[in-house]
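Colleague: Here it is: the structure, laid out below.
Bear in mind that the values in this text are calculations on the coordinates, not laboratory data. Bear in mind that the values here come from a model prediction, so they are computed numbers and not experimental data. Cβ atoms come from the backbone with ideal geometry, glycine included; neighbour counts cover every protein chain shown.
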Amino acid sequence: MRIDAHHHLWDTAVREYGWMDGDWADPLRGRFDAARYATAAGPHGVAASVVVQALQDEAETRDLLAVADRDATVAAVVGWVDLTAPDVAAALAGLAAGPGGRRLAGVRHLAQDEPDPFWLLRADVLRGVRAVGAAGLAYDVLVRRPQWGTALEFARRLPEVPLVLDHAGKPGIAAGEFAPWATWIEDMATLRNVTVKLSGLVTEAADGWRPADVLPYAHHVLETFGPGRVMFGSDWPVCTLAGTYEQVTALAEEACATLDETGRAAVFGGTAQRVYALPR
């Protein structure tokens, strides 16, 4: 069973997504719903998916859970709660008690957009993420280069919480920056509570990217973490800024071509199923 461990659903006529802050985002505006996702992913053998929040708003999370409740393909939701609030456990319980609440598998915050590069190390944030782990959920780590050191220390301080590194930490593929990212990834891989998503890499590459531009980064992820700690994610529809769903899938398949059957099964399903506790 192939699982897409990272995609989004939204309707910009219903909610405003502040990070869509320029003409570059025009292709992402509109209605990207579960039916449209199924049209993109279905031909590539995706039987289940994990939809991930794109807005710091519990209302969006509730809507995504409601979608998961009625759409069998959406197996899980990585949602949002205010991690700095004193009642994170209560907020999570409230989401779990609502429609589709059993589909809540994790929490994410757009930490990459926080002006404070040490936001993840704030005492209230650490307390909130511990509450996420105590609720049996994973936490998705979304960071860029300025927060790499912070993310490493964050993961070291939370060995009891399952952490999922989104988009392999967004390496500077377009600029050909490999060494600083590669060393950081090696350090992250030493922490057994961290898994990583093989996702979002094409949007970090330059326009007109070729597989040869991206594959060294994908291979390094697989070599350092091992396939049992790597999961495929399309990052649809954001990926469409740089390539089609078919191209993203083909790139991931090429990256995994030298793995054995067990390794490929882990990347394309098993890791996500384990980390997000998805139903079999």
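Colleague: Once each part is reduced to its C-alpha centroid, what is the distance from segment 43-59 to segment 130-186 in angstrom?
Modeller: Centre-to-centre distance over Cα atoms comes out at 20 Å.
Colleague: Please check which bits of segment 188-219 a label hung off residue 246 would reach, taking the label as a point 7 Å along Cα-to-C-beta and the cut-off as backbone N under 17 Å.
Modeller: 211
Colleague: About the Cα centre of segment 6-160, what is the dipole size in debye to 20, counting +1 per Lys and Arg Cβ and -1 per Asp and Glu Cβ, all else neutral?
Modeller: 520 debye
Colleague: Taking the Cα centre of the chain as origin, work out the dipole magnitude from +1 charges on Lys and Arg Cβ and -1 charges on Asp and Glu Cβ, in debye rounded to 20.
Modeller: 840 debye
Colleague: Going toward the positive end of the dipole of the chain, with +1 on Lys and Arg Cβ and -1 on Asp and Glu Cβ, which of 80, 211, 93 do you reach last?
Modeller: 93
Colleague: Taking Cα pairs under 8 Å and at least six residues apart, what relative contact order does segment 38-84 come out at, in percent?
Modeller: 44 percent
Colleague: Turning to a different aspect of this structure: Given charges of +1 on the Cβ of Lys and Arg and -1 on the Cβ of Asp and Glu, with all other atoms neutral, how large is the dipole of segment 193-280 about its Cα centre, in debye to the nearest 20?
Modeller: So the magnitude is around 400 debye.
Colleague: Please label the shape of the chain as rounded, prolate or oblate, based on the square roots a ≥ b ≥ c of the eigenvalues of the alpha-carbon gyration tensor (a/c under 1.5 means rounded; beyond that, a/b larger than b/c means prolate, else oblate).
Modeller: Because its axes are fairly even, with a/c under 1.5, the chain counts as rounded.
Colleague: What list of ³J(HN,Hα) values in whole Hz, one per residue of segment 159-168 in order, does the Karplus curve 6.51 cos²θ - 1.76 cosθ + 1.60 (θ = phi - 60°) give from phi, with Gly and Pro shown as x?
Modeller: x, 8, 9, x, 10, 10, 7, 6, 6, 6
Colleague: Show me, for segment 142-156, the HN-Hα J-couplings you get by feeding each phi into the Karplus relation (A = 6.51, B = -1.76, C = 1.60, θ = phi - 60°), rounded to Hz, glycine and proline as x.
Modeller: Values per residue, Gly and Pro as x: 10, 9, 10, 3, x, 10, 4, x, 4, 4, 5, 5, 4, 5, 5 Hz.
Colleague: Relative contact order, percent, of the chain when contacts are C-alpha pairs under 8 Å separated by at least 6 residues?
Modeller: 18 percent
Colleague: Per DSSP H run of n ≥ 4, the term is -39500 (n - 2.57); total these for the chain, divide by its residue number, and report the mean residue ellipticity at 222 nm rounded to 500 deg cm²/dmol.
Modeller: Taken over the chain, the calculation gives -10500 deg cm²/dmol.
Colleague: Considering only the chain, what is the antiparallel percent among its DSSP beta bridges, to the nearest 5?
Modeller: Expressed as a percentage, antiparallel bridges in the chain total about 10.
Colleague: Of 51, 164, 125, which has the largest mean-square fluctuation in a 10 Å C-alpha GNM of the chain?
Modeller: Highest fluctuation among the options: 125.
Colleague: Go ahead and set up a Gaussian network model of the chain, Cα springs under 10 Å, then flag whichever of 117, 27, 162 fluctuates most.
Modeller: 27
Colleague: Hey, another quick one. Over segment 18-104, what is the mean sequence separation of C-alpha contacts under 8 Å (at least six apart), divided by residue count, expressed as relative contact order in percent?
Modeller: 26 percent
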